[in-house]
Amino acid sequence: MKQTFELRPRWDAVGLVVTQNTRDLIDKRYGLLPEVVSWFKSLAMFRETERELMILKEPRPEDRDFHKTVLALLIADGERLRAALQAAGGLSANESGISTADFGAALEHLYDTQAVWHGEMTSERKAEILRGVFHVEGAGA
Amino acid sequence: MSRAPELEAVLLAWFELETCAPAEQAVHKRRLDELLDAAVAKAGMKGVSRRDLMMALREQYGEFAKARHIEQRQRLSRLR
């Protein structure tokens, strides 16, 4: 039980930051580049929490649920930003060196993350693909 | 743990994409996509997308990323 109380604050913190970013983005409060930078910061928080609770530890069912929820929020904000960037003709050169392509790549990889962690693939299909592509068997290859 | 070099390269590119700076995302994503495409093309497997391959590699990636993060943490603690 104790572990549950230790886990939740991290996900809650990431969720709060993402939710605040959503509000700012909808209200067009800070302009496009600051919103993109904020999105990348929340992505970094998400990856850090994923590392601590999903990779370095065996994830609990509630970790998977929070991961799925926060990931969906990040993707939704990312799509809003993608549309805004498209309408604005992309990001102009900036001090952080972030390009529209960098943003697009990060957003696309979130869809990969969603498929990897929450998508459905039978163990038979996994084994077939791993054998066919890398000539390896199972998870410990 | 020894792995096929192509598999090792995919796992490394994937890890680098998830840990790189925002301004390096496009370069690392392109690298990962190229490696995934090359692996599928070399195997001549039809109907396998990049994402399918990543889903199939989930356990391998989890082990790889865990080992890398632990290594990085140990390296950092030695520097302090």
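The values are calculated or read from the model by the stated rules, or taken from the named source; none is laboratory data. As the structure is a prediction and not an experimental result, all values here were calculated from the model. All Cβ positions, glycine included, derive from the backbone under ideal geometry; neighbour counts span all protein chains shown. Ligands, DNA and RNA are stripped out before the accessible areas are found, and what is left, the full protein with its side chains, is counted by its heavy atoms. Shrake-Rupley method; radii C 1.70, N 1.55, O 1.52, S 1.80 Å.
A compact table of results
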read-out: Probe 1.4 Å, accessible area per residue of chain A, Å²; value: 52
read-out: Top positive-direction residue, dipole computed over chain A with Cβ charges, set A:Trp117, A:Phe46, A:Asn94; value: A:Phe46
read-out: Unit charges on C-beta of K, R, D, E only; dipole of the protein assembly as shown, Debye; value: 360
read-out: Interface residues in the stretch A:96-111 - accessible area drops by 30 Å² or more relative to the isolated chain, probe 1.4 Å; value: A:Asp102, A:Ala105, A:His109
read-out: Contact surface A-B: accessible area buried, both sides summed, square angstrom, 1.4 angstrom probe; value: 3300
read-out: Dipole axis of the stretch B:17-57 (+1 Lys, Arg; -1 Asp, Glu on Cβ), positive-most option in B:Leu35, B:Ala56, B:Met45; value: B:Met45
read-out: Under Karplus coefficients 6.51, -1.76 and 1.60, residue-wise ³J(HN,Hα) of the stretch A:74-79 in Hz, glycine/proline x; value: 5, 5, 4, 5, x, 5
read-out: Spatially proximal aspartates and glutamates relative to A:Lys28 (Cα-Cα < 19 Å; intrachain offsets below 8 disregarded); value: A:Asp77, A:Glu79
read-out: Fraction of accessible area attributable to carbon and sulfur, the protein assembly as shown (%, probe 1.4 Å); value: 55
read-out: Shape of chain A, Cα gyration tensor, a/c cut at 1.5; value: oblate
read-out: The protein assembly as shown: calculated mean residue ellipticity at 222 nm from DSSP helix runs of at least 4, using -39500 (n - 2.57); value: -25500 deg cm²/dmol
read-out: Relative contact order computed over chain A (Cα-Cα under 8 Å; 6+ residues apart), in percent; value: 22
read-out: R0 of 25 Å, Cβ-Cβ distance A:Glu58-A:Arg23: FRET efficiency to nearest 0.05; value: 0.15
read-out: Additional length obtainable on full extension of the chain from A:Glu95 to A:Leu110, 0.36 nm per residue less Cα span; value: 2.9 nm
read-out: Förster radius 30 Å - calculated FRET efficiency between B:Leu12 and A:Glu128 (Cβ-Cβ, nearest 0.05); value: 0.80
read-out: Cross-link pairs beyond the 28 Å C-alpha cut-off, checked among A:Lys57/B:Lys29; B:Lys29/B:Lys66; A:Lys68/B:Lys42; A:Lys57/B:Lys42; A:Lys68/B:Lys46; value: A:Lys68/B:Lys42; A:Lys57/B:Lys42; A:Lys68/B:Lys46
